[in-house]
Amino acid sequence: MQRCGIGYDVHRFAEGRPLILGGVEIPHVQGLDGHSDADALCHAIADAILGALGDHDIGFYFPPGDESIAGISSLEILREVRRIAERRGAWIHNIDSTVIAEAPKIMPHAAAMKAAIAGALGLDPHQIGIKATTNEMMGFIGRREGIAAMAVASVEVRDDRF
Ligand code: MG
């Protein structure tokens with residue numbers, strides 16, 4: 001059975017942290033704050049896959065209060081989501097995503113991000129879509145307070161009983 005899922009995530013900017021998006025460190029004056037590496041793109045993709053499986057969300061598997069996963073790489077989160085999917089006999093057709101940020105420019109890093117995400121999920125980079133837009137200087141993203149990401153996943157699920 002072919003199923004689709006949606007994911008959304010947002011993290012606020014903070015001083016003194018690296019900016020990690022799609023598993024890639026992007027040079028910028030600020031990074032994103034969070035319990036993990038705060039990779040909003042990977043988190044949105046993880047939730048999209050889990051959603052397609054009809055599974056719990058990322059906060060269930062990686063609770064923000066769990067000190068044992070403080071600073072965890074979000075590529076490791078994607079690897080765990082891949083394991084969850086494999087246990088269900090599911091495989092991913094494709095992922096599409098959009099990063100919403102006023103700055104920095106995302107698309108120069110899209111190829112590296114696709115490679116990193118594909119590697120974590122056991123996919124080909126051509127199965128990963130990454131697009132970017134600004135928020136036309138409106139709202140919290142427009143004020144450069146943070147970065148948001150949304151993703152969809154198309155997944156073939158052999159056992160759709162969760
Ligand atoms: Mg997150």
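So is ILE106 surrounded by 15 or more Cβ atoms within 10 Å (Cβ to Cβ) and in contact with an Asp or Glu (Cβ under 8 Å, 6 or more places away or on another chain) or not? Answer is no for this residue. Which ones in the range 104-162 are of a type in the set (Gly, Ala, Ser) and part of a helix (DSSP H, G or I)? Listed by number, the residues that qualify are ALA110, ALA111, ALA112, ALA115, ALA116, ALA118, GLY119, ALA120, GLY139, GLY142.
Kindly indicate the residue of the range 44-96 that is small (Gly, Ala, Ser) and without any contact (Cβ under 8 Å) to a residue 60 or more places away in the chain and also nearest to VAL152 (Cα to Cα) among those meeting that condition. Filtering first and then ranking leaves ALA46. Given the structure, is HIS43 open to solvent by 10 Å² or more (accessible area, probe 1.4 Å), within 13 Å of the ligand (Cβ to nearest atom), of a type outside the set (Ser, Thr, Tyr) and in contact with a Ser or Thr (Cβ under 7 Å, 6 or more places away or on another chain)? Judged against the criteria, HIS43 is a match. Checked against the criteria, LEU32 does not count as closer than 30 Å to GLU156 by Cβ, crowded, with 21+ Cβ neighbours inside 10 Å and either among the aliphatic types (A, V, I, L, M) or within 13 Å of the ligand (Cβ to nearest atom) (or both). Consider the range 61-76 and keep the residues that are more than 13 Å from the ligand (Cβ to nearest atom) and assigned to a helix (DSSP H, G or I). The one that is least open to solvent (accessible area, probe 1.4 Å) is LEU75. Only residues that are open to solvent by less than 30 Å² (accessible area, probe 1.4 Å) and more than 13 Å from the ligand (Cβ to nearest atom) were counted in the range 12-21, giving 3.
Confirm whether VAL81 is among the β-branched types (Val, Ile, Thr) and more than 18 Å from ILE147 (Cα to Cα). The answer is yes for VAL81. Inside the range 46-60, residues that are closer than 21 Å to VAL99 by Cβ, of a type in the set (A, V, I, L, M, F, W, C) and more than 10 Å from the ligand (Cβ to nearest atom) make up a count of 4.
The values are calculated or read from the model by the stated rules, or taken from the named source; none is laboratory data. Note that the structure is a prediction, hence the values are computed from the model and not measured. Here Cβ is always computed from backbone atoms with ideal geometry, including for glycine, and neighbour counts include all displayed protein chains. Ligands, DNA and RNA are stripped out before the accessible areas are found, and what is left, the full protein with its side chains, is counted by its heavy atoms. Shrake-Rupley method; radii C 1.70, N 1.55, O 1.52, S 1.80 Å.
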